[in-house]
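Since the structure comes first, as structure tokens, the remarks are kept for the end.
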Amino acid sequence: MRKLKWLAVIPVMIGLAACSSSPKASSESSSAAPAAAPQQQLKPVDPATVGEITGVVKFDGAVPHPRMIRMGQDPVCQKANHDKPVYFQDGEVNSNHTLPYVFVYVKKGAGQYDWTPPSEPVVLDQKGCMYEPHVMGVMVGQQFKVINSDPTTHNIHPMPADNRAWNESQPPGAPPITKTWARPEVMVPVKCNEHPWMRCYIGVTKSPLYAVTGDDGTFTIQGVPPGTYTLGFWTATFGTQEQQVTVPPKGTAKVTVTFKAS
Amino acid sequence: MALALAIIVALITIVSVVLFHVHHWWLPENIARNGAAFHNQFMLTMAVTGLFFVAAQLSLAYFLWRYKDRGDARKARYTHGNNTLEKIWTSVGAVLFIGMNLLGYRLWAQARFVGASPGALRIEVWAEQFQYWFRYASPDGSGHFCETNVHLMDDATGNPLGMNLSNPACQKNVVTDTLGVPVNRQVELLLRSKDVIHSFFVRELRLQQDIVPGMVIPIHFTATKVGTYEIVCTQLCGLGHYKMRAFMKVMTEPDFEKWLKQQAAEQ
Amino acid sequence: MAELEAAVHHHEAPKGFIRRYVFSTDHKVIGKQYYFLALFAVVIGMFLSWLMRMHLGYPNYKIPGLDLMSPTGAPGNVMTPEYYLSLMTMHGTIMIFFVLTTAPQSGFGNFFLPLQIGAEDMAFPRLNMLSFWVTFVALMVLLATFFIADGPPISGWTAYPPLSSIGSVAGPGEGLGQTLWVVSIALFCVGALLSAINFIATTLDLRTRGMNLMRMPLTCWAWLVTAIVGLLSFAVLFAAGVLLLLDRLGGTSFFTPAQLKVSGVVLQHAGGSPLLWQHLFWFFGHPEVYIAILPGMGITSHILSTFSRKPVFGYRAMVYALGAIGILGFMVWGHHMFVSGMSPYSAFYFSILTMAIGVPSAIKTFNWLGTMWGGKLRLTSAMLFAIGFVSMFVTGGLSGLFLAQPPLDAYLHGTYFVVAHFHMVMGVAAIFAMFAGTYFWFPKMFGRMMDETLGKIHFVGSFVGAYLIFMPMHYIGIAGNVRRQSEFIDNFMQPLLPIHRFITIAALATGAVQLIFLFNLFWSMFKGKKAELNPWEATSLEWTTPTPVPYDNFNGRLPVVHHGPYEYNVPGAAKDYIMQNSTEVVAAEAAG
């Protein structure tokens, strides 16, 4: 008899074990986990000595043929763009043969400084069934806010390798979704499961030393402490590059990189 | 109580039948060549079931009122049944139900047992969460569907089907988000899915078929009326299921050719 | 012949509270436990349907407090499409498994099968306890999905792979939520299998002297056939569940084909067949429909006869029809798959057999009408719900004749016509049978009477309400309204929105009527009029033993049966009914 009673208890325990694994997973993800514990004493940045890095990302080769996005699946999206054609942003080349949407960031050399994320969030907007901006940076631990300006439901599905993936929908009228990222990762692709063409990229870095090239291919990273760094250049279509750069105290380092057609 | 209930049952029966009969909410218009046969079978079934429905419900209502215990001396009939009656309604039911079913078989055989005719226009339908794509071999009907590669599939760069764009056969293929078809010409669709089970349903064609990953399912139809019709997904495919749809544009032959050339130019 | 009672040992109830009321082996306690488990589940299931109906009728209405249920599923009280699907999945799973499968069979069956066949308990009392507690755990595991970050699964109660087999990449809820769902269903299968073995053994082996098979009340026949159907079908679902779990967690590919690209990820599966799951699932799933409805048919036959004061019309035909439905029920699963990509030729076979299963269903309907015909109807609440069952079963069953024809199904499949069909035939009809059973057996289960006036109000509200909810779904289904959509975004569906509003209001009102039932149930339990020994003047054995029923049912002296189950108004008898264990000899009985 007693034996049988225990048999009945076994499934209860299985059930409890299955339930208890979930809160663990969520608590790990929801807490804004600080960057890995400091190995050495971190130095504060001296604002009196900082300089900047500016540069341009050029493109060499035949300009790829821009491909139009077919939004017929969701008429709300077509209407939001006034039925004008919208083109894919990955692989886009500026008219002056430079590249937009290049994520430029300090890959090595800034680890000894104490970077605290700013209190204002980085905002990702969904507008005309496109992400705005297409490429963006955010610091580890910084607030990352997603808003929906479209009269249609969007879904935000980041697919990181090192951070926790999430997949949440945002109907029109729903409040902003606010998240943080626990670990540096370049880049986290984000897709919308409602609109397959939508994609943006998030560069999660430990420092605020990053920039994204604009429609003239230029970028500027400000507030760089003097020193020698490895800069990383990331593009969605044309691969990545690295370059050494030395920033003098209060000075400007100029960089030019060139991507070739793939 | 018994009278009131009998009236309620009868009223529900009558109102239900009337609402079926007025066709206020009814099948959308038919544009399929075999739509008339569908309609006949539908109406035959409606008549048979309607007869049973009215007979059964009204008997219930009548019995409720007629045989209610009124406290009088009447005794209930003592019977354990009647084998002749059992045999009658068993055989009538069997003949009616199975016979009605057999009558509908021509329709099913034409649609599913027989393949598309050789002159049919072949179009590939690709479904994914939560979008349809339609692939035509070329703007002029020549060529073939080039191979697709799952690793090249990328919706966010405009290559949802994973075609090798340096392959000349792929360059001829036209991929659209609207299903354009010529009127009065048979169309064969090859249904394929990239991820989960979807479905292809055009109400006006009375045509529904699941799209199963790992399978290529052929279906065929002939649309007989120019216009724009909705294609909806009827198989639960994930969070965006409610908005998974596309449009089917039925055009005259010249319009269709012009439309397909324009689609080719836009890509 | 003169022997009135068969002597057996008398057993006392265990003394401890836990052994007596919690981990009890007493079939009566277990029957009540199942009943209350189903009652708890049906309240949740109905609540979920309210939320869905609110969203369908009033898509922009923000349901206050919804974000407390799920902050990500309803941010700012706006229901997301995936949360709608989660609610739908949970509604279906809870209703079908934990309500329709548990209450009519395991609930009433446990309590009344041993009483009606004159047994002391079920054949395997400890197995019985185990099957209840496994079912209880299954429900807890299922409900746990509401409290995990991932949320409940979104793949519906049918859980078609690949959506259900590839993990969280398929969408919210498809991670841990879907895994828990499969675990819950597998556990439920275990409980149902144990219960089925118990029912079969009890019915075959523990019938008291004189209770031959053809003297069993039709309820017992229904429970027996249901148990056999359950034994054969839940075993298959269990196997399918294990395979699905392996696909999800073990990297196998039973149901998952190669080269899937989901959310931009190429999956590492090879060669599975999504249709294999559908075959296994519906091989269970269609018999499951009969598992839900057969006990209801038994209860309805029993109650119609009792309150018509007339023998069941065509008792043997009823038994054969139950058996035919049970057997044919295993041969028609493909009618759920006419448009699934299965061979169109097999659709032919499945379609014919499906039409054939309409025949025993029609026989039952005719016999119910025949039972009422020429009777002396006592319109108690139980009787009204039994009549309501017949009405709903006819309405719901007839729409099946459309869906059983492949060319018509190729239009109606996936529309609200199907929703209307199965809700009426297996949802509302089965629940009406449960209500009928509750009003009928409450005096035996709780020793008091339920309030008849409230019961009649409850019936009228539920009967009219059910038609108002589900009849319009036929019309919008014919108009092409696709099911499982959380919103109707296209212009085509906009004209149908007023009907959805109507259905929503009807659903809320009909739901509110159920509060009358809940009140009546709990109020009568404590304040109801004390029940007499045989308040309905019924014939079966449960009315021969005192209430509350002794621990060993018949105080150690089993009754001996001399009559068939439905001897009402036998000419020449002393009263208008002859109890099964009565020794009265009436000439007309043998002749009739």
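The values are calculated or read from the model by the stated rules, or taken from the named source; none is laboratory data. As the structure is a prediction and not an experimental result, all values here were calculated from the model. Neighbour counts are summed over all protein chains in view; Cβ atoms, including those assigned to glycine, are modelled from backbone coordinates with ideal geometry. The protein model used for the area step is the full one, side chains on, heavy atoms only, and it has no ligands, DNA or RNA in it. Shrake-Rupley method; radii C 1.70, N 1.55, O 1.52, S 1.80 Å.
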Residues satisfying the stated conditions in the range A:209-250, i.e. small (Gly, Ala, Ser) and closer than 23 Å to A:THR116 by Cα: A:ALA211, A:GLY223, A:GLY227, A:GLY232
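Taking the conditions exactly as written (open to solvent by less than 50 Å² (accessible area, probe 1.4 Å) and either within 22 Å of the chain's Cα centre (by Cα) or away from chain B (no Cβ under 12 Å) (or both)), does C:GLY511 satisfy them or not?
Details: open to solvent by less than 50 Å² (accessible area, probe 1.4 Å): yes; either within 22 Å of the chain's Cα centre (by Cα) or away from chain B (no Cβ under 12 Å) (or both): yes.
It is true that C:GLY511 is open to solvent by less than 50 Å² (accessible area, probe 1.4 Å) and either within 22 Å of the chain's Cα centre (by Cα) or away from chain B (no Cβ under 12 Å) (or both).
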Filtered residue count, the range B:11-48, keeping only those that are of a type outside the set (Ser, Thr, Tyr) and over 19 Å from the mean Cα position of the chain (by Cα): 13
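Mind listing just one residue for me: the one in the range B:231-249 that is part of a helix (DSSP H, G or I) and not basic (Lys, Arg) and, of those, surrounded by the fewest Cβ atoms within 10 Å (Cβ to Cβ)? Step through it out loud before you land on a result.
Keep residues of the range B:231-249 that are part of a helix (DSSP H, G or I), which gives B:241-243.
Retained after the next criterion (residues that are not basic (Lys, Arg)): B:241-242.
Details: B:HIS241: 30, B:TYR242: 23.
Residue satisfying both the conditions and the ranking: B:TYR242.
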Test result for C:ALA235, away from chain B (no Cβ under 12 Å), more than 30 Å from C:LEU541 (Cα to Cα), touching a residue at least 12 places away in the same chain (Cβ under 8 Å) and in a helix (DSSP H, G or I): yes
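Residue-by-condition table, conditions (1) facing chain C (nearest Cβ under 7 Å); (2) outside any strand (DSSP E or B); (3) exposed (fewer than 15 other Cβ atoms within 10 Å of the Cβ); (4) without any contact (Cβ under 8 Å) to a residue 24 or more places away in the chain:
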{"position": "B:HIS39", "(1), (2), (3), (4)": "no, yes, yes, yes"}
{"position": "B:ARG70", "(1), (2), (3), (4)": "no, yes, yes, yes"}
{"position": "B:ALA76", "(1), (2), (3), (4)": "yes, yes, no, yes"}
{"position": "B:LEU85", "(1), (2), (3), (4)": "no, yes, no, yes"}
{"position": "B:TRP89", "(1), (2), (3), (4)": "yes, yes, no, yes"}
{"position": "B:VAL95", "(1), (2), (3), (4)": "no, yes, yes, yes"}
{"position": "B:GLY99", "(1), (2), (3), (4)": "no, yes, yes, yes"}
{"position": "B:GLN110", "(1), (2), (3), (4)": "no, yes, yes, no"}
{"position": "B:ALA116", "(1), (2), (3), (4)": "no, yes, no, no"}
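Quick check on C:SER351: is it facing another protein chain (nearest Cβ under 7 Å) and polar (S, T, N, Q)? Talk me through it step by step, then tell me what you get.
On the way: facing another protein chain (nearest Cβ under 7 Å): yes; polar (S, T, N, Q): yes.
Yes: the conditions hold for C:SER351.
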Criterion (without any contact (Cβ under 8 Å) to a residue 40 or more places away in the chain and either within 27 Å of C:SER351 (Cβ to Cβ) or of a type in the set (A, V, I, L, M, F, W, C) (or both)) met by exactly one of C:LEU328, C:LEU304: C:LEU328
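Results for (1) within 13 Å of another protein chain (Cβ to nearest Cβ); (2) open to solvent by 10 Å² or more (accessible area, probe 1.4 Å); (3) out of contact with any helix residue (DSSP H, G or I) (no Cβ under 6 Å at 6 or more places or on another chain); (4) among the β-branched types (Val, Ile, Thr), shown as yes or no for each residue.
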position	(1), (2), (3), (4)
C:HIS279	yes, yes, yes, no
C:PRO287	no, no, no, no
C:ILE291	no, no, no, yes
C:GLY296	no, no, no, no
C:ILE303	no, no, no, yes
C:THR306	yes, no, yes, yes
C:VAL312	yes, no, no, yes
C:MET318	yes, no, no, no
C:LEU322	no, no, no, no
Test: C:THR208 is in contact with a Gly (Cβ under 6 Å, 6 or more places away or on another chain), closer than 23 Å to C:PHE554 by Cβ and not in a loop (DSSP other than H, G, I, E, B): no
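Could you list, in sequence order, all residues of the range C:559-586 that are within 14 Å of chain B (Cβ to nearest Cβ) and under 14 Å from C:GLN116 (Cα atoms)? Spell out how you get there, then give the answer.
Of the range C:559-586, the ones within 14 Å of chain B (Cβ to nearest Cβ) are C:563-578, C:586.
Of everything in the range C:559-586, those that are within 14 Å of chain B (Cβ to nearest Cβ) and under 14 Å from C:GLN116 (Cα atoms) turn out to be C:HIS563, C:GLY564, C:PRO565, C:TYR566.
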Matching residues in the range A:64-84 - criterion: being without any contact (Cβ under 8 Å) to a residue 60 or more places away in the chain and either away from chain B (no Cβ under 14 Å) or open to solvent by 80 Å² or more (accessible area, probe 1.4 Å) (or both): A:HIS65, A:LYS79, A:ASN81, A:HIS82, A:ASP83, A:LYS84
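Just checking, how many residues over the range C:151-199 are of a type in the set (Ser, Thr, Tyr) and over 13 Å from B:CYS237 (Cα atoms)?
Step one: list which residues in the range C:151-199 are of a type in the set (Ser, Thr, Tyr), which gives C:155, C:158, C:160, C:164-165, C:168, C:179, C:184, C:195.
If we keep only those that are over 13 Å from B:CYS237 (Cα atoms) as well, we get C:168, C:179, C:184, C:195.
Final tally of qualifying residues: 4.
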Criterion violated by C:SER462 - all others in (1) at pLDDT 95 or above; (2) open to solvent by less than 10 Å² (accessible area, probe 1.4 Å); (3) more than 22 Å from the chain's Cα centre (by Cα) satisfied: (3)
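Between C:VAL418, C:VAL359, C:VAL339, which is facing chain B (nearest Cβ under 9 Å) and surrounded by fewer than 24 Cβ atoms within 10 Å (Cβ to Cβ)?
Numbers: C:VAL418 fails: facing chain B (nearest Cβ under 9 Å); C:VAL339 fails: surrounded by fewer than 24 Cβ atoms within 10 Å (Cβ to Cβ).
Going through C:VAL418, C:VAL359, C:VAL339 in turn, the sole match is C:VAL359.
Looking for something free of Cβ contacts under 8 Å to residues at least 12 places away in the same chain, out of contact with any Pro (no Cβ under 8 Å at 6 or more places or on another chain) and open to solvent by 10 Å² or more (accessible area, probe 1.4 Å) - is there at least one such residue anywhere in the range C:173-180?
In the first step, residues of the range C:173-180 are kept if they are free of Cβ contacts under 8 Å to residues at least 12 places away in the same chain; the result is none.
No, the conditions are met nowhere in the range C:173-180.
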Residues of the range C:146-158 satisfying the condition of being more than 9 Å from every other protein chain (Cβ to nearest Cβ) and crowded, with 23+ Cβ neighbours inside 10 Å: C:GLY151, C:PRO152, C:PRO153
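Residue by residue, here is whether (1) more than 14 Å from chain B (Cβ to nearest Cβ); (2) at pLDDT below 95 holds:
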{"site": "C:MET493", "(1), (2)": "no, yes"}
{"site": "C:PHE502", "(1), (2)": "no, no"}
{"site": "C:LEU521", "(1), (2)": "yes, no"}
{"site": "C:TRP536", "(1), (2)": "no, no"}
{"site": "C:THR539", "(1), (2)": "no, no"}
{"site": "C:ARG557", "(1), (2)": "yes, yes"}
For C:SER184: the one exception among (1) more than 25 Å from C:LEU276 (Cβ to Cβ); (2) of a type in the set (S, T, N, Q); (3) within 22 Å of the chain's Cα centre (by Cα): (1)
Number of the condition not met by B:ALA61 [criteria: (1) closer than 24 Å to C:GLY400 by Cα; (2) facing chain C (nearest Cβ under 7 Å)]: (2)
Residue in the range B:43-57 that is farther than 30 Å from C:THR453 by Cα, touching a Lys or Arg at 6+ places or on another chain (Cβ under 9 Å) and free of Cβ contacts under 8 Å to residues at least 24 places away in the same chain present: no
Only listed residue being open to solvent by 20 Å² or more (accessible area, probe 1.4 Å) and touching a residue at least 40 places away in the same chain (Cβ under 8 Å), chosen from B:THR252, B:THR228: B:THR252
Subset of the range A:215-252 that is within 12 Å of A:GLY55 (Cβ to Cβ) and part of a loop (DSSP other than H, G, I, E, B) - its residue that is nearest to the chain's Cα centre (by Cα): A:GLY217
Residue within the range A:102-122 that is within 14 Å of chain B (Cβ to nearest Cβ), assigned to a loop (DSSP other than H, G, I, E, B) and either surrounded by 21 or more Cβ atoms within 10 Å (Cβ to Cβ) or not acidic (Asp, Glu) (or both) present: no
Verdict on C:VAL390 being aliphatic (A, V, I, L, M) and either farther than 22 Å from C:LEU113 by Cβ or surrounded by fewer than 23 Cβ atoms within 10 Å (Cβ to Cβ) (or both): yes
Tally, over the range C:246-300, of residues that are of a type in the set (D, E, K, R) and closer than 30 Å to C:GLY370 by Cα: 1
